[in-house]
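Down below is the structure, laid out as structure tokens.
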Amino acid sequence: MTVAKWAFIFLVTLAASRTGVEQNEGMRTEAEDARATISGVWRGHSVCVDKNSPCHDEVNVYRFARVAGRANEFSVTASKVVDGKEIVMGSGEWNYDEKKKVVESEKPPIRLTIEGIKMEGTLSLADGTVYRRLHLEKES
């Protein structure tokens with residue numbers, strides 16, 4: 001093979017491998033953008049499913065913060081607003097499934113689907129019964 005052919009093959013191979021790298025970088029950027037969007041304050045409300053239960057509809061504030069060293073985990077503090085003041089209901093680590101665009105906690109079982117700057121989902125009882133429907137929007 002001539003030097004010109006080797007040079008041509010090298011350049012084609014280099015260009016093809018670079019395109020693959022750029023595509024992978026684009027995917028990482030999209031996933032990273034999604035995680036960055038999740039971080040912050042989300043405000044909204046939760047509505048009781050069973051109106052004959054002791055449950056009350058509430059205004060909620062959820063604070064999501066990245067967990068260092070764990071790309072798909074967040075530390076979350078959930079509060080309800082009573083008389084204009086936030087009252088912390090609990091906190092814990094939540095997982096993010098980037099394929100499903102879902103964040104969820106195990107206890108209590110909360111699953112929220114992310115669409116842009118909105119999260120919607122449910123809080124369920126231990127037996128799987130949906131207890132609350134949650135609707136949140138990104139505040140900051």
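The values are calculated or read from the model by the stated rules, or taken from the named source; none is laboratory data. Owing to the predicted nature of the structure, the values given are computational and were not obtained by experimental measurement. All Cβ positions, even for glycine, are placed from backbone atoms using ideal geometry, and neighbour counts span all protein chains on display. Side chains included, ligands, DNA and RNA excluded: accessible areas come from the protein's heavy atoms. Shrake-Rupley method; radii C 1.70, N 1.55, O 1.52, S 1.80 Å.
Has segment 108-123 got any residue that is surrounded by fewer than 16 Cβ atoms within 10 Å (Cβ to Cβ), outside any loop (DSSP other than H, G, I, E, B) and in contact with a Gly (Cβ under 8 Å, 6 or more places away or on another chain)? Checking segment 108-123: at least one residue is surrounded by fewer than 16 Cβ atoms within 10 Å (Cβ to Cβ), outside any loop (DSSP other than H, G, I, E, B) and in contact with a Gly (Cβ under 8 Å, 6 or more places away or on another chain). Against the list (1) assigned to a strand (DSSP E or B); (2) in contact with a strand residue (DSSP E or B) (Cβ under 7 Å, 6 or more places away or on another chain), the condition Ala71 fails is (2). If you scan segment 124-140, which residues turn out to be buried (at least 18 other Cβ atoms within 10 Å of the Cβ) and of a type in the set (A, V, I, L, M)? Scanning segment 124-140 gives Leu134, Leu136. Of the residues making up segment 65-96, those that are open to solvent by less than 80 Å² (accessible area, probe 1.4 Å) and either more than 24 Å from His45 (Cβ to Cβ) or in contact with a Leu (Cβ under 6 Å, 6 or more places away or on another chain) (or both) are Val67, Ala71, Asn72, Glu73. Cβ-Cβ contacts under 7 Å between residues 6 or more apart (or on different chains), taken from a first residue in segment 49-64 that is more than 21 Å from Ser91 (Cβ to Cβ) to a second residue that is among the hydroxyl-bearing types (Ser, Thr, Tyr) and surrounded by 15 or more Cβ atoms within 10 Å (Cβ to Cβ), are listed as Val49/Tyr131; Asp57/Ser46.
Remark: pairs (first residue in segment 95-112, in contact (Cβ under 8 Å) with a residue 12 or more places away in the chain and within 17 Å of Arg66 (Cα to Cα); second residue of a type in the set (Asp, Glu) and open to solvent by less than 60 Å² (accessible area, probe 1.4 Å); Cβ separation under 7 Å; 6+ apart in sequence or on different chains) = Asn95/Glu73.
Would you mind telling me which numbered condition in (1) at pLDDT below 95; (2) open to solvent by less than 50 Å² (accessible area, probe 1.4 Å); (3) closer than 30 Å to Leu125 by Cα Pro54 fails? Among (1) at pLDDT below 95; (2) open to solvent by less than 50 Å² (accessible area, probe 1.4 Å); (3) closer than 30 Å to Leu125 by Cα, Pro54 violates only (2). Whether any residue in segment 36-49 is assigned to a loop (DSSP other than H, G, I, E, B), surrounded by fewer than 13 Cβ atoms within 10 Å (Cβ to Cβ) and not aliphatic (A, V, I, L, M) is what I want to check. Taking every residue of segment 36-49 in turn, none turns out to be assigned to a loop (DSSP other than H, G, I, E, B), surrounded by fewer than 13 Cβ atoms within 10 Å (Cβ to Cβ) and not aliphatic (A, V, I, L, M).
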